[in-house]
Amino acid sequence: MASKGMIKTAEEIVILREGGRRLARILSAVRDAIKPGVTTGELDRLTEKLMREGGDEPAFLHYTPEGMNIAYPGTLCVSVNDEIVHGIGGNRVLKDGDIVSIDSGLKHKGLFTDSALTIPVGKVDASAQKLIMATEGALIAGISVARAGNTTGDIGYEIEKYVKSYGLVVVEELGGHGVGYSQHEDPHISNYGEKGQGVKLKPGMVIALEPIVNEGTRYIKLMPDGYTYVTKDHKRSAHFEHTILITDGDAEILTKRG
């Protein structure tokens, strides 16, 4: 059942809508800055600068997820090639042929939005293009069934079905989540599932859907930094995410980029 705390008020939705627009603009600017020779740390610093210039706070910086004893040290999760999620910006130089996932959250007037995308660096091979296209398509497929009366299982089912049609696999340990009052809220939304199962969606729920897709096996490994997940087989991974508002009709994408 969806708890009352998952339903945002009309006033809160106005704030989340503006926060989503701001985050979308920032990630679009960071996307445009990605090219061979740029470091992951430069992308992280650009994200923080743009957020603070807008009067907002980076949601990820110094955030300590449940079960962790170290705070996340960056504003932007920047994950390259076989890094799946939560890569920490640093001195790594992006090179032609890489793919890079950028993921960030923004706190605007006390409320949170979250978004991610995967970008090719320079010219990438056909397999990388397929991986990126399939992952973004899986997000669109998930959003298409994210409406009042459906369930989180319906979303997971559509995402996995779409990914499998490309001969790729979803990461089962990681998925989407509620968002708004904090970075991560109920419900958890797996990128696989059964129709009609899970939490029933209601108007006013705000959730972040995030297909995470590997080109090899689904198995993952946590690196010694405590945050970065990589594929066990070191094949590449891609990640797309939008914060959406559940309505009686089509979901509203709050972090839609221009």
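All of the numbers you see were taken from the coordinates with simple rules; none came from a lab. Because the structure is predicted, anything quoted here is derived from the model rather than measured. Neighbour counts run over all protein chains shown; Cβ positions are idealised from the backbone, glycine included.
For Ser127 and His188, calculate 0.36 nm times their separation in residues minus their Cα-Cα distance, and state this gained length in nm to one decimal.
Here the answer is 19.0 nm.
Below 17 Å, Cα to Cα, which lysines can Lys35 reach? Residues fewer than 8 away in the same chain don't count.
Straight-distance partners of Lys35: Lys95, Lys123.
Cα convex hull of region 1-95: mean projected area in nm², to one decimal?
For region 1-95, averaging the hull's shadow over all directions gives 8.3 nm².
Which GluC sites (Glu not before Pro) does region 1-84 hold that lie in a coil by DSSP with at most 14 other beta carbons within 10 Å?
On the way: sites: Glu11, Glu12, Glu18, Glu42, Glu48, Glu53, Glu66, Glu83; in loops: Glu66.
Those that pass, being in a loop and sparsely packed, are Glu66.
When the helix-only estimate is applied to the chain (DSSP H runs of n ≥ 4, each -39,500 (n - 2.57), divided by the residue count), what is the mean residue ellipticity at 222 nm, nearest 500 deg cm²/dmol?
Result for the chain: -9000 deg cm²/dmol, rounded to the nearest 500.
Extending each Cα 7 Å along its Cβ direction at Ala29 and Ala10, get the distance between those two points in nm, one decimal.
Placing both labels 7 Å beyond Cα along the Cβ direction yields 3.3 nm.
To make sure I understand the rule: partners must be lysines, Cα under 26 Å from the Cα of Lys8, and not fewer than 8 residues away in the same chain. Which ones qualify?
Cα-Cα hits under 26 Å: Lys107, Lys109, Lys195, Lys200, Lys202, Lys256.
Using the Kyte-Doolittle scale, find the helices of the chain whose mean hydropathy is at least 0.0 and whose Cα atoms extend 15 Å or more along the helix's long axis, counting only whole DSSP H runs.
Helix filter hits for the chain: 10-33, 126-144.
Please report Rg (one decimal) and Dmax (integer) in Å for the Cα set of the chain.
Over the chain's Cα set, Rg and Dmax evaluate to 17.0, 49 Å.
Along the charge dipole of the chain, which of Met133, Ile143, Ala116 sits closest to the positive end, that is, farthest toward it, with unit charges on the beta carbon of Lys, Arg, Asp and Glu (+1, +1, -1, -1)?
So the residue we want is Met133.
Rounded to whole Å and sorted largest first, list the principal axis extents of the Cα atoms in region 151-258.
42, 31, 31
Within 10 Å of each residue's Cβ, count the other Cβ atoms and sort Val93, Val213, Val170 from fewest upward.
Fewest-to-most Cβ neighbours within 10 Å comes out as Val93, Val170, Val213.
Could you compute the FRET efficiency for His234 and Lys200, with r as their C-beta to C-beta distance and R0 at 41 Å, rounded to 0.05?
0.55
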